[in-house]
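Below is one structure, written out as structure tokens; comments come after it.
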Amino acid sequence: MSAAGLTRVLDRPVLARRTFLSDPGRTAVFLFGVEVVTGALLALYYQPAPEASFRSVQLISNAVTFGWLVRAVHLAAANVTVLLAAYLVVRAFFRRAFLGPRGLGTWLLTVGFFLLMLAFYFTGEALPWDQDAYWRATVTANLVADTPLVGPWVAGVLRGGADMSGVALVRLYAAHAILMPWVAYWTIKRMRELMRRGAIG
Amino acid sequence: MRSSIWVLRPDTDATRAASIVDELTARGLVAHVASHDSTLHVVIEEAPDDLTPTPDVLRVARVEIPPQFRATRRNFLDSFATALAAVVAGSAIGVAGLFANPPERRGDDLDELDVTGMAELRDHGFATFRFGSEPGIVVLTGDRLHALSLVCTHLGCLVEWSPDRRQLLCPCHRGVFDLGGNVLEGPAPRPLRAFDASVQGDRVLVRRPGRVRT
């Protein structure tokens with residue numbers, strides 16, 4: 001960032017005695033950027049195959065320079081993002097943001113953002129494909145399968161078969177690294193538009 | 001608006017200069033003490049024209065200080081924040097660059113290891129090696145080569161080759177293995193991991209058996 005750009009950011013007027021939570025959109029953009037950068041770095045080494053993924057994660061953690069740091073930052077920012085999304089839902093609830101002309105849309109968007117962040121978390125958690133990851137993914141898929149009507153179909157799409165398999169790992173990875181980042185991008189963009197108009201926050 | 005520099009009389013001391021600055025600051029002006037050729041100056045930024053100098057002032061100079069050289073808090077914060085952002089961005093780029101550079105090959109990537117020469121092996125009867133991070137041993141009996149990992153399958157202690165007993169002994173929990181790696185005594189749940197040993201020319205080579213290439 002150039003000095004002029006930085007000055008523009010610093011000179012941006014904000015309300016007095018407010019914290020970074022008063023502009024959660026900007027915080028979300030920052031966290032999203034951190035996740036994209038660290039995620040792209042992790043993708044340089046990660047291999048989404050059952051026999052290779054755990055070893056590639058271990059390689060990142062133990063052998064690659066600053067690999068532990070990149071992994072830790074990716075995880076930490078993910079944790080904060082989930083907390084931020086939960087905060088937005090709680091805030092929207094207590095501010096009664098679900099009322100009013102745009103209420104339903106903003107409420108669904110906020111809750112959708114939270115669910116998307118949870119989905120990011122669960123898909124990301126499965127990627128090392130160790131015992132922990134495998135069984136957590138199995139449990140999550142079973143939970144999804146218990147959803148009325150569409151549950152079994154969604155679980156089948158997630159798993160790529162009747163059981164957790166290598167296909168499931170590739171699908172979780174594709175969802176985590178290709179599909180969901182775009183959904184998150186458009187969601188955050190839309191939320192920031194609504195925040196600027198005062199519909200959220 | 002131009003700045004003023006008040007050149008103070010030579011007998012004025014720093015305490016007095018500081019109190020002049022305090023008075024000016026109290027009136028809402030930006031001022032600081034400077035010294036040049038062992039003479040004290042008070043620099044007042046954007047000084048109004050009707051500002052009357054105190055009796056300590058020998059001479060008043062009106063100068064135009066370009067905005068970027070004015071020692072305002074805002075200028076300082078701007079350059080400080082820029083420097084901080086540059087350091088953070090620079091470290092992030094450095095970390096990313098180092099991260100992208102793949103690590104040196106370790107044992108995990110090793111396909112084959114040249115352990116020793118056949119002549120040396122005949123002399124000693126055995127030779128130890130390190131296959132990446134895993135220690136191993138090659139033992140020659142007659143014409144047969146036995147290549148085994150030295151890592152005990154119980155708790156990962158290093159077993160020792162006993163040439164007298166022709167067995168591998170684990171010092172930690174009295175595990176005993178034969179040359180096939182099989183558990184003869186002790187708590188080890190599995191045989192020692194085996195390597196494939198072969199002779200090419202005069203060299204003894206080991207490789208990991210059944211390794212899935214990825």
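With every protein chain kept in place and ligands, DNA and RNA left out, what is the accessible area per residue of region B:20-64? Probe 1.4 Å, answer in Å². Could you put the intermediate results ahead of the total?
On the way: 2790 Å² over 45 residues.
Value for region B:20-64: 62 Å² per residue.
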**Request:** List, largest first, the extents of the alpha carbons of chain A along their principal axes, each in whole Å.
**Result:** 54, 47, 22
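Based only on Cα atoms, what mean projected area does the convex hull of the protein assembly as shown have, in nm²?
Value for the protein assembly as shown: 37.4 nm².
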**Asked** For the Cα atoms of chain B, what angle does the longest principal axis make with the long axis of helix B:14-26, in degrees from 0 to 90, nearest 10?
**Response** 80 degrees
**Kirkwood-Stokes translational diffusion coefficient of region B:3-69, alpha-carbon pairs, 10 °C, 1.306 mPa s, µm²/s** = 133 µm²/s
**Message:** So for chain B, averaging the separation of alpha carbon pairs under 8 Å that are six or more residues apart and normalising by length, what relative contact order in percent results?
**Reply:** 14 percent
**Message:** Hydropathy at least 0.0 by Kyte-Doolittle, axial extent at least 27 angstrom from the Cα trace: which helices of chain A, defined as entire DSSP H runs, fit?
**Reply:** A:67-94, A:103-126
**Complete:** Interchain or sequence-distant (5+) residues whose placed amide H lies within less than 5 Å of the amide H of residue B:185 are B:176
**Request:** Using a 1.4 angstrom probe, figure out how much accessible area region A:47-201 has per residue, in square angstrom, rounded to the nearest whole.
**Result:** 56 Å²
**Backbone HN-Hα couplings from phi across region B:127-137 [Karplus 6.51/-1.76/1.60, Hz, Gly and Pro as x]** = 8, 9, 8, 10, 8, x, 9, 9, x, x, 9
**Asked** Rounded to the nearest 100 Å², what is the sum over both chains of accessible area buried where A meets B, with a probe of 1.4 Å?
**Response** 1600 Å²
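Give me the percent of the accessible area of the protein assembly as shown that comes from carbon and sulfur atoms, probe 1.4 Å, all protein chains in place.
Carbon-and-sulfur percentage of accessible area, whole number: 61.
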**Asked** Over region B:107-207, with a single point scatterer placed on each C-alpha, what log10 of the ratio I(q)/I(0) does the Debye formula yield at q = 0.14, 0.16 1/Å?
**Response** -0.49, -0.63
**Peptide B:80-89 - average C-beta neighbours from other chains (10 Å radius)** = 3
**Request:** Please check which bits of region A:22-52 a label hung off residue A:61 would reach, taking the label as a point 7 Å along Cα-to-C-beta and the cut-off as backbone N under 20 Å.
**Result:** A:38-52
**Prompt:** With the solvent-accessible surface defined on protein heavy atoms using a 1.4 Å probe, which residues belonging to region A:63-87 display a reduction of at least 10 Å² in accessible area in the multichain context relative to the isolated chain?
**Reply:** A:63, A:64, A:65, A:66, A:69, A:70
**Asked** Which FRET efficiency value, to the nearest 0.05, is calculated for residue A:189 and residue B:158 with the Förster distance at 56 angstrom and r the Cβ-Cβ distance?
**Response** 0.45
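The values are calculated or read from the model by the stated rules, or taken from the named source; none is laboratory data. Keep in mind that this is a model prediction, so the values were computed, not measured. Counting neighbours? That spans all protein chains shown, and the Cβs are built from the backbone with ideal geometry, glycine included. For accessibility, only protein heavy atoms count, side chains too; no ligands or nucleic acids. Shrake-Rupley method; radii C 1.70, N 1.55, O 1.52, S 1.80 Å.
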